[in-house]
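The values are calculated or read from the model by the stated rules, or taken from the named source; none is laboratory data. Treat the numbers as computed from the prediction; the structure is a model and nothing was measured. For neighbour counting, all protein chains shown are included, and Cβ atoms are generated from backbone atoms with ideal geometry for every residue, glycine included. In case anyone asks, the SASA skips ligands and DNA or RNA and just uses the protein heavy atoms, side chains included. Shrake-Rupley method; radii C 1.70, N 1.55, O 1.52, S 1.80 Å.
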Amino acid sequence: MSKQVSDHDRRGGDETQDEQSLEATLERVIWSAPDSAFVVCSIKVEGELFPLSAVGEMVSPSPGDRYVLHGRWDEHPRYGRQFQFSSYDVQYPVTPEGIERYLASGLIRGLGKGTARKIVDQFGTRTLDVMNNEIERLLEVEGIGEKKLDAIQHEWEKQRGVQTVMVFLKAHDISSTWAVRIYRAYGNDAINVMHDNPYRLIDEVEGVGFMTADTIARSLGTVPSDARRVLAGMSFALREAARRNGHSCVPEMDFLRHAAALLEVEPDEAQAALTLAIETGSVLLFDGHVYLPELLHAEASISDALRASFAERWNTLDHLGLDGRLTEVETARGIHLNAQQVEAVHKCLAGPVCILTGGPGTGKTTTLIGILDLARQLDWKIAICAPTGRAAKRITELTGHEAKTIHRLLEFDPSVMVFQRHEDNPVEADILVVDEMSMVDVPLMAALLRARRPGCRLVLVGDADQLPSVGPGTVLRDLLACGEIETVVLHLVFRQAAHSSIVTNADRMRQGFMPVFDTRIVDGGETFFREVGPDEHLPQLVRDLVSTRIPEELGCDPMRDIQVLSPMYDTPAGVTHLNHVLQQAINGHSRVAFQRGDRVFRLGDKVMQTRNDYGKDVYNGDIGYVRGFDEEENLLNVDFDGRRVTYAPEETDELVLAYAITVHKSQGNEYEIVIVPVVMQHRVMLRRNLMYTAMTRAKRMMVFLGQRSALSLAVQNAREQPRHGLLQQRLREALR
C-alpha cells in the first residue's frame with residue numbers, strides 16, 4: 001500500500017519536500033486542457049473532511065476511480081493548496097458497487113450500465129480478477145456471447161496497454177498526452193516500436209512532431225548523429241513547411257538554415273545531413289529546391305498528365321448544333337445564358353481542359369448547368385466532384401446532377417490509404433467537372449489526373465481570389481498563371497445578383513475597396529457593420545446577434561442558418577471562446593450527451609470533424625449534429641447530413657463545437673447568415689482574401705462586428721505569404 005502524506009505535509013511544511021504518495025478517490029474533473037492530458041481535479045482523501053485539489057496529467061480520468069498520486073504539495077498564488085502529481089498508479093475499486101461503477105464509467109466501449117451490473121452480480125468482488133485472468137468466463141453472464149466477449153476483451157486489454165505505455169513514457173519524461181494515441185496506433189507493440197525507431201511516430205501517430213519523437217529517442221540513448229534522427233528531421237522539416245505554410249518545396253539555402261536549427265547542428269553538418277537524405281531518397285533536390293519525393297512526383301504528374309491530354313485526338317464538335325441544343329436547355333431549365341456563358345459552354349465541351357472562373361453572382365453554376373445538360377444530351381458519361389461533402393451536396397442540389405467528394409469518386413480505400421481509381425482503373429467519364437478548385441492541393445490534383453481516362457474532358461471551376469488550399473500548392477492559380485490552359489473568366493454580374501449587396505460588396509472587396517454597408521434589414525439590407533465600442537464586450541454582442549436579435553428579425557434557426565467565422569482560435573473573439581459562449585446561449589438547456597473534462601457535447605450541438613477519418617468516411621471540416629450517447633456501447637452518435645457516425649470516447653478529440661469556425665474551415669460551404677468578428681487582435685491574419693472568402697460564404701446576410709480600422713487593414717492587405725512550388729514553371733514548359 002502506498003504511503004499517505006502527513007498532515008504536516010498537506011498543510012504546510014517544507015516546500016522542497018521529497019515526492020510523496022497520496023491515496024485518493026477522484027470526485028470530479030474541474031478543468032482539463034483541450035489538447036493535452038493535463039487536469040485540475042477534486043479528490044477525496046480518507047480522513048479529510050473536505051475535498052482537496054490535485055493537478056497533473058491523467059489519461060481518461062473517471063469520477064469514482066481510485067489512484068495513488070505521486071508528487072508534492074504546492075501553494076498556488078491564486079488557487080491555494082494543490083497536490084501536483086507527476087505520476088500515478090490506478091487502484092481498482094474493491095466493493096461491488098465501486099466495481100460496477102468503474103466498469104460502466106465509459107472506460108470500455110460496449111460495456112454499459114446494464115452489462116456491468118450483470119457481470120458484478122455474477123462475480124461480485126472477484127470481477128476484476130476474472131477480467132484480468134479469466135476473461136473468457138464472461139460467457140457465463142447472460143447476454144454476453146462470443147462477439148460481445150471479443151469486443152470487451154479488446155477494450156479491456158487496450159486500457160491496460162494504455163497504462164503500460166503511459167508508465168513507459170513518463171519514465172522517459174514524455175507527456176502522457178500521447179499514451180492513448182500511441183497505443184491506438186501500435187497496440188501492445190507500442191513500446192517495441194519506440195525502442196526500435198521512435199521517429200516512426202512522426203508519420204504514424206496524429207500530432208507527434210519531431211521534438212516529441214526526438215525526446216523519446218534521446219532518452220533511449222539515440223545520439224544526435226544517428227541516421228534515423230537525421231533523416232526524420234529532414235523529412236519533418238519539409239512536411240511542416242507543407243502543412244503550416246503550404247509549400248510544395250523549399251529553396252535549398254532556406255531549407256539548410258531551418259534544418260540546422262531543427263537538428264541543432266552547424267551549417268556544414270546540415271549540408272552533410274541533406275546529402276545523406278538525398279542519397280537515401282528521403283528528400284529530393286530539383287532546380288535548387290528541396291522536395292519530399294511525393295510532392296515532387298505529384299507536381300511532375302500534373303504537368304505530364306495535362307501534356308498527355310493536350311496530345312490526344314479530340315473529336316470536333318458541331319458547335320452550330322450545340323447552340324440549338326443549348327437553347328432547348330435554357331427553355332427547359334428556365335435560365336438564360338449571356339454571351340460569356342455561352343462561350344464558356346462551347347470551350348468546356350471542346351476539350352481537353354477548360355477553367356471556368358469568376359466571382360459570386362457571375363453565373364458559374366448556371367453555366368455549369370448548361371455544360372452538364374448538353375453533355376447528357378450528347379450521351380456522355382458525367383462525373384462531378386468537389387473537395388468536401390458539403391460542396392458536393394451543394395453542387396448536386398444546384399445542378400440536379402449527382403456530385404461526389406473527390407475521395408469518393410476516386411474510391412479511396414482507408415485500409416491501404418490509396419485511391420482505387422488510377423491510370424489502370426480510371427474513372428468512367430467523358431467529362432469530369434471539379435468544383436471549388438481553389439481548395440484542391442497538389443497531391444489531390446495529381447490523383448485526379450491519374451484517374452482521368454484518355455478522351456475525358458476536364459472542367460475546372462473555382463474562384464482564384466479565395467483562400468488557397470489548406471494542403472500544399474496553389475494549383476488553381478498556377479493553372480491560370482501558366483497561360484497555356486483554355487480559360488473563361490465570368491465577370492458580368494447577373495441582374496438578380498447585382499441587387500445583392502453581398503455580391504457587390506464582395507466584388508468591391510476583391511478590388512481593394514471597403515464595402516458599402518446597408519443600414520436596415522427592412523429595406524432589404526444584406527451587408528452590415530456593427531462597430532464595437534470600448535465599453536462593449538464583443539463575445540456577448542455575437543451571442544445576442546446569433547441567439548436572439550437575428551432569429552427574431554428574420555425568423556431563422558440560429559443553429560442551422562447562422563454561422564460565425566473567426567480568423568483565429570485563441571482570442572476573446574476567437575473560435576474557441578465564441579463556441580463556449582454560443583453553446584451556452586443556443587443549446588445550454590439541452591442535456592449533456594458526453595463530457596470529458598471541460599469538453600462538453602450536448603444533445604443537438606453543432607460539431608465539426610477536425611481531421612480526415614477515412615474509416616468513418618468523414619473529413620476535415622464536415623459539420624454534423626450530436627444525436628445522443630449510447631450508454632451500453634459507450635458511443636457518441638453524430639448526424640452528418642442524414643448519416644449517423646459513432647465515436648468512442650477516445651475518438652471524440654476529432655470533434656469540436658462548430659457554432660464558430662475559422663474562415664479556412666468554411667471553404668466550400670455556404671450559409672444563410674455569416675457573422676465575422678474583425679478586431680485588431682487578429683491583425684496577423686487580416687488579409688483581403690480571407691475577408692473575401694468569408695463574405696462569399698453568405699447567401700442572405702453578412703455581418704462584420706468589431707473595428708472598422710481592422711476591416712480596412714484587411715481589405716488593403718492584398719499581400720499573401722508566398723508558397724514555394726514549381727508547378728507553374730513545369731506547366732509552361734510542358735504545355736508550350
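This table checks each residue for (1) in contact with a Cys (Cβ under 6 Å, 6 or more places away or on another chain); (2) under 14 Å from Q563 (Cβ atoms); (3) at pLDDT 90 or above.
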{"site": "T693", "(1), (2), (3)": "no, yes, yes"}
{"site": "R723", "(1), (2), (3)": "no, no, yes"}
{"site": "Q728", "(1), (2), (3)": "yes, no, yes"}
{"site": "L731", "(1), (2), (3)": "yes, no, yes"}
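One residue alone among Y614, Y625 is at pLDDT below 90 and either out of contact with any helix residue (DSSP H, G or I) (no Cβ under 9 Å at 6 or more places or on another chain) or of a type in the set (F, W, Y) (or both), and that residue is Y614.
Considering the stretch 76-110 alone, what residues qualify as being at pLDDT 75 or above and of a type in the set (K, R)? Answer for the stretch 76-110, where residues must be at pLDDT 75 or above and of a type in the set (K, R): R78, R81, R101. Scanning the stretch 111-128 for residues that are open to solvent by 70 Å² or more (accessible area, probe 1.4 Å), of a type outside the set (V, I, T) and at pLDDT 85 or above yields R117, K118, D121, Q122, R126. Out of the residues in the stretch 381-391 that are open to solvent by less than 50 Å² (accessible area, probe 1.4 Å) and touching a Leu at 6+ places or on another chain (Cβ under 9 Å), state the one that is farthest from A451 (Cα to Cα). Among those that are open to solvent by less than 50 Å² (accessible area, probe 1.4 Å) and touching a Leu at 6+ places or on another chain (Cβ under 9 Å), it is P387.
The rows are residues; the columns are (1) without any contact (Cβ under 8 Å) to a residue 24 or more places away in the chain; (2) hydrophobic (A, V, I, L, M, F, W, C).
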| site | (1), (2) |
| --- | --- |
| Q511 | yes, no |
| T527 | no, no |
| E552 | yes, no |
| P558 | no, no |
| L565 | no, yes |
| V575 | no, yes |
| V592 | yes, yes |
| M608 | no, yes |
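Among the residues making up the stretch 526-572, a single one is of a type in the set (G, A, S) and touching a strand residue (DSSP E or B) at 6+ places or on another chain (Cβ under 8 Å): S566. Contact map, the stretch 378-405: first residue charged (D, E, K, R), second residue outside any loop (DSSP other than H, G, I, E, B) and open to solvent by 10 Å² or more (accessible area, probe 1.4 Å), Cβ cut-off under 6 Å, separation 6 or more or different chains; pairs are E402/T396. Of all residue pairs spaced 6 or more apart or on separate chains, none has beta-carbon atoms under 9 Å together with a first member in the stretch 313-339 that is more than 27 Å from L398 (Cβ to Cβ) and open to solvent by 30 Å² or more (accessible area, probe 1.4 Å) and a second member that is among the charged types (D, E, K, R) and modelled with pLDDT under 80.
Taking the numbered list (1) open to solvent by less than 20 Å² (accessible area, probe 1.4 Å); (2) out of contact with any Cys (no Cβ under 7 Å at 6 or more places or on another chain) in turn, I550 passes all entries but (2).
Looking at A308, A344, A339, A298, just one residue is over 20 Å from I485 (Cβ atoms) and small (G, A, S), and that residue is A339.
Taking every residue in the stretch 47-58 that is in contact (Cβ under 8 Å) with a residue 40 or more places away in the chain and pairing it with any residue that is aromatic (F, W, Y) and part of a strand (DSSP E or B), at least 6 positions away or on another chain, the pairs with Cβ-Cβ distances below 6 Å are E57/F38. Picking from residues in the stretch 499-549 that are of a type in the set (A, V, I, L, M) and over 29 Å from the mean Cα position of the chain (by Cα), the one that is modelled with the lowest pLDDT is V522. Tallying residues that are in a helix (DSSP H, G or I) and either over 18 Å from G471 (Cα atoms) or open to solvent by 30 Å² or more (accessible area, probe 1.4 Å) (or both) within the stretch 300-312 yields 9. Is it true that G321 is of a type outside the set (D, E, K, R) and at positive phi? So G321 does not fit the description; no.
Scanning the stretch 255-299 for residues that are farther than 15 Å from R229 by Cβ, touching a residue at least 40 places away in the same chain (Cβ under 8 Å) and open to solvent by 60 Å² or more (accessible area, probe 1.4 Å) yields F286, D287, E294, H297. The condition of being over 31 Å from the mean Cα position of the chain (by Cα) and surrounded by 19 or more Cβ atoms within 10 Å (Cβ to Cβ) holds for only one of T405, T367, T362, T399, that being T367.
Looking at the stretch 571-610, which of the residues that are part of a strand (DSSP E or B) and more than 21 Å from the chain's Cα centre (by Cα) is nearest to P539 (Cα to Cα)? Top of the filtered list is V592.
Within the stretch 351-365, track down each residue that is on the phi < 0 side of the Ramachandran plot and touching a helix residue (DSSP H, G or I) at 6+ places or on another chain (Cβ under 8 Å).
So in the stretch 351-365, the residues on the phi < 0 side of the Ramachandran plot come out as 352-357, 359-360, 362, 364-365.
Scanning the stretch 351-365 gives P352, V353, C354, I355, L356, T357, G359, P360, T362, T365.
Among helices (runs of 4 or more DSSP H) entirely within the stretch 144-261, having at least 3 residues that are under 30 Å from L103 (Cβ atoms) and touching a Gly at 6+ places or on another chain (Cβ under 7 Å) singles out 146-171.
Among strands (runs of 3 or more DSSP E) lying entirely in the stretch 1-72, which contain 2 or more residues that are farther than 25 Å from L103 by Cβ, modelled with pLDDT of 60 or more and under 38 Å from the mean Cα position of the chain (by Cα)?
Details: elements: 20-32, 38-44, 52-57.
In the stretch 1-72, 38-44, 52-57 are the strands (runs of 3 or more DSSP E) which contain 2 or more residues that are farther than 25 Å from L103 by Cβ, modelled with pLDDT of 60 or more and under 38 Å from the mean Cα position of the chain (by Cα).
If the Cβ limit is 9 Å and pairs must be 6+ apart or interchain, which residue in the stretch 640-666 that is over 26 Å from G112 (Cα atoms) pairs with which residue that is open to solvent by 30 Å² or more (accessible area, probe 1.4 Å) and among the aromatic types (F, W, Y)? As it stands, the answer is T662/Y569, since those pairs meet every condition given. Among the residues of the stretch 296-330, those that are at pLDDT below 85 and over 20 Å from L449 (Cα atoms) comprise N315, T316, L317, D318, H319, L320, G321, L322, D323, G324. Condition test on N188, is it surrounded by fewer than 21 Cβ atoms within 10 Å (Cβ to Cβ) and either modelled with pLDDT under 80 or among the hydrophobic types (A, V, I, L, M, F, W, C) (or both)? Yes, satisfied.
The rows are residues; the columns are (1) more than 26 Å from R687 (Cβ to Cβ); (2) part of a strand (DSSP E or B); (3) open to solvent by 70 Å² or more (accessible area, probe 1.4 Å); (4) not hydrophobic (A, V, I, L, M, F, W, C).
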| residue | (1), (2), (3), (4) |
| --- | --- |
| R508 | no, no, yes, yes |
| V546 | no, no, no, no |
| C556 | yes, no, no, no |
| Y569 | no, no, yes, yes |
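On inspection, E526 does not qualify as open to solvent by 90 Å² or more (accessible area, probe 1.4 Å) and among the charged types (D, E, K, R).
Suppose we filter H258, H289, H247 for residues that are modelled with pLDDT under 95 and not basic (K, R); which single one remains?
Working: H289 fails: modelled with pLDDT under 95; H247 fails: modelled with pLDDT under 95.
Within the list H258, H289, H247, the selection yields H258.
Among the residues of the stretch 588-634, the ones that are of a type in the set (F, W, Y) and farther than 14 Å from P649 by Cα come to 3 in all.
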